[in-house]
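The values are calculated or read from the model by the stated rules, or taken from the named source; none is laboratory data. Computed from a predicted structure; not experimentally measured. We place every Cβ from the backbone using ideal geometry, glycine too, and count neighbours over all the protein chains shown. Surface areas here come from the heavy atoms of the whole protein model, side chains and all, with no ligands, DNA or RNA. Shrake-Rupley method; radii C 1.70, N 1.55, O 1.52, S 1.80 Å.
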Protein chains: 4
Amino acid sequence: MSKARGEKVWYIPDGFIPPTSAAGAYESHESVCVLNTSTEEALLKFTIFFEDRDPIENILVVCPGRRTRHIRTSSLSHEGTSIPVGVPYAIEVISDIPVIVQYSRLDATQAENALMTTLGYAIK
Amino acid sequence: MSKARGEKVWYIPDGFIPPTSAAGAYESHESVCVLNTSTEEALLKFTIFFEDRDPIENILVVCPGRRTRHIRTSSLSHEGTSIPVGVPYAIEVISDIPVIVQYSRLDATQAENALMTTLGYAIK
Amino acid sequence: MSKARGEKVWYIPDGFIPPTSAAGAYESHESVCVLNTSTEEALLKFTIFFEDRDPIENILVVCPGRRTRHIRTSSLSHEGTSIPVGVPYAIEVISDIPVIVQYSRLDATQAENALMTTLGYAIK
Amino acid sequence: MSKARGEKVWYIPDGFIPPTSAAGAYESHESVCVLNTSTEEALLKFTIFFEDRDPIENILVVCPGRRTRHIRTSSLSHEGTSIPVGVPYAIEVISDIPVIVQYSRLDATQAENALMTTLGYAIK
């Protein structure tokens, strides 16, 4: 048995899916990177907040035990509703067991890429 | 009722508005990204610190409940005074209820873009 | 005698070794940057987590006292197994004395470079 | 009187001064960005740690009250010794009063720029 490490509630205020990609090795994308150090599976519940409309709630994702998952935000959806591109939004991740969450964005709008990353903000 | 999450006092020491943008998809800018998870509105008070002059104080911004706001620093002003471009500065955000704050900069001075991001520093 | 500062357990959920580098001044790489402020040597034990296979465990690295080490993730290996390129993974660093850990990635896949960095997540 | 906010001891494990800059709007550089929210002056003492040699100690910098300073690492020196370019190093900042510390790097080695930033790691 390995211990679950981290926290159960995480926030990332700056979400944005770049609407376009130039021709090249990479496609623009964001990843929410989750690490589950325990031997148990983690059940993640995402809420997506916007500037001008109600949140998308109850998006469920599983991260197996002793595994990482790098989740593309464009893959998140609930009852057919997903995150529109080119719109500012924010992310809440609630897990049933402690995990660690990092957010990264690759912007390939131009021929050359731009990268940014940060840990999520953990509620303790 | 949803709970307010985060902290009420946040700092970002490295502010800088790039003075120019190359032709292209993006304009150089910085965003202070605020997430308000509660159902109440959050009232944010910004103070801008400089290297060589007194701070700009009492810049007020509202973030509605269950919403995010990605605030361009170039939009911040108090009695007609705003942040000059090309000058090092720092940001204080004080909110009346807990929020989460992240800062990002897109530098489009060159034809290809550069990105950076960090959570703000929360006072607990 | 200088005091050991920081924490003993650190996580970085977003690891990825870019598979290619364009011709130029830099080669794509990631670094796990460790600072050991104490006069004693620090013994670091890395575990590498994947999305679809068991972790690589017990990778040992030494950081001398009053020194930093910027460890390329491509140099980490255990019994001949190292981290494959182009695959999402996550990093655990456990040290026998407190240290501080930061992670940075330089992506030189395109002719122009992209950079990202974050502190590791420290377990307290 | 305004209150000093933040912490007195900060670390940045990943320091590196890019050795070259391409022709263009920017020069490669790193900044240690300090915010002093109090009305008192802050006296900062930097120590620079290396991989293969003893630290440079007792580099003193002042940050005035209610001001920020964005300190270029290339400007730090003690008795004529400064940080060599192109060498991995790490930074300790000790302040006599609480401050907030963020680190940013602009790499202009290529014609197009790369940016990264993180808060320092605060000892509480």
Shortest-first nm distances, A:PRO64 label point to equivalent points in other copies (7 Å, Cα→Cβ): 4.3, 4.3, 6.0
From phi via Karplus (6.51, -1.76, 1.60), per-residue ³J(HN,Hα) for the stretch B:90-102 in Hz, x at Gly/Pro: 9, 10, 10, 10, 10, 10, 6, 10, x, 9, 10, 10, 10
Rotation relating B and A, chain A residue nearest the axis via C-beta, angstrom: A:GLU112, 3
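To the nearest 20 debye, what charge dipole does the protein assembly as shown have about its Cα centre, counting +1 at the Cβ of each Lys and Arg and -1 at the Cβ of each Asp and Glu? Display every interim value, and only then the final one.
On the way: 44 positive and 60 negative charges, 247 e Å.
It comes to approximately 1180 debye.
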Position B:LEU43, label points 7 Å along Cα→Cβ, spacing to each other copy in nm (shortest first, one decimal): 4.1, 4.1, 5.8
Fraction of accessible area attributable to carbon and sulfur, chain A (%, probe 1.4 Å): 46
Overall Cα dimensions of the protein assembly as shown, principal axis frame, Å, largest first: 65, 65, 42
Alpha-carbon centroid distance for the pair the stretch B:35-87 / the stretch A:1-23, whole angstrom: 25
Dipole-positive endmost among C:LEU119, C:PRO19, C:PRO98 within chain C (Cβ charges, Cα centre): C:PRO98
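At a probe radius of 1.4 Å, figure out the C/D buried accessible area, summed over both chains, and give it in Å² to the nearest 100. Show your work: numbers first, answer last.
Details: alone 7240 and 7250 Å², together 11840 Å².
Chain pair C/D: roughly 2700 Å² of buried accessible area.
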Of D:VAL85, D:LEU43, D:ILE56, farthest towards positive along the dipole that unit charges on Lys, Arg, Asp, Glu beta carbons give chain D: D:LEU43
Most mobile of C:SER21, C:SER77, C:SER31 in a GNM of chain C (Cα contacts under 10 Å): C:SER21
Solvent-accessible area per residue for chain D (1.4 angstrom probe, square angstrom): 37
The stretch A:28-112: C-alpha gyration tensor shape, a/c 1.5 cut-off, then a/b vs b/c: oblate
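Give the relative contact order (percent, whole number) for chain B; include only Cα pairs under 8 Å separated by 6+ residues. Let's see the in-between values first.
Details: 314 pairs, mean separation 50.5, N = 124.
Once divided by the residue count of chain B, the mean separation gives 41 percent.
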Selection of trypsin sites (Lys or Arg not before Pro), the stretch C:34-120, meeting DSSP coil and at most 15 other Cβ within 10 Å: C:ARG53
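Strictly over 26 Å apart at the Cα level, which of C:LYS45/D:LYS8; A:LYS45/C:LYS8; A:LYS3/D:LYS8; A:LYS45/D:LYS8; A:LYS124/C:LYS8; B:LYS8/C:LYS8 would you flag in this model? If you can, show how the numbers build up before the last one.
On the way: C:LYS45/D:LYS8 29 Å; A:LYS45/C:LYS8 29 Å; A:LYS3/D:LYS8 33 Å; A:LYS45/D:LYS8 37 Å; A:LYS124/C:LYS8 19 Å; B:LYS8/C:LYS8 29 Å.
From the list (C:LYS45/D:LYS8; A:LYS45/C:LYS8; A:LYS3/D:LYS8; A:LYS45/D:LYS8; A:LYS124/C:LYS8; B:LYS8/C:LYS8), the Cα-Cα distance tops 26 Å for C:LYS45/D:LYS8; A:LYS45/C:LYS8; A:LYS3/D:LYS8; A:LYS45/D:LYS8; B:LYS8/C:LYS8.
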Cα gyration tensor shape of the stretch B:13-70, rounded if a/c is under 1.5, else prolate or oblate by comparing a/b with b/c: oblate
Loop sites in the stretch A:40-124: GluC sites (Glu not before Pro), DSSP, at most 12 other Cβ within 10 Å: A:GLU79
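Suppose every K and R has +1 on its Cβ and every D and E has -1 on its Cβ; what is the size of the dipole of chain B about the Cα centre, in Debye to the nearest 20? Could the numbers behind the result be given before it?
Values: 11 positive and 15 negative charges, 126 e Å.
Magnitude of the dipole: close to 600 debye.
Nearest 20 debye, what's the magnitude of the dipole of the stretch D:46-91 about its Cα centre given +1 on Lys and Arg Cβ and -1 on Asp and Glu Cβ?
480
Hey, what did the stretch A:45-86 get for relative contact order, percent, Cα under 8 Å, at least 6 apart? Walk me through the intermediate numbers first.
Working: 35 pairs, mean separation 12.7, N = 42.
Computed value for the stretch A:45-86: 30 percent relative contact order.
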Simple spin-label estimate for B:ALA23 and D:ILE94 in nanometres, 7 Å along Cα-Cβ: 5.5
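How big is D for the stretch D:79-124, in µm² s⁻¹ as a whole number, if Stokes-Einstein is applied with the Kirkwood radius of its Cα pairs at 10 °C and 1.306 mPa s?
Numbers: Rh = 13.5 Å.
D, rounded to a whole number, is 118 µm²/s.
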Inter-copy label distances at A:GLY80 (7 Å, Cα→Cβ; nm, one decimal): 5.4, 5.4, 7.7
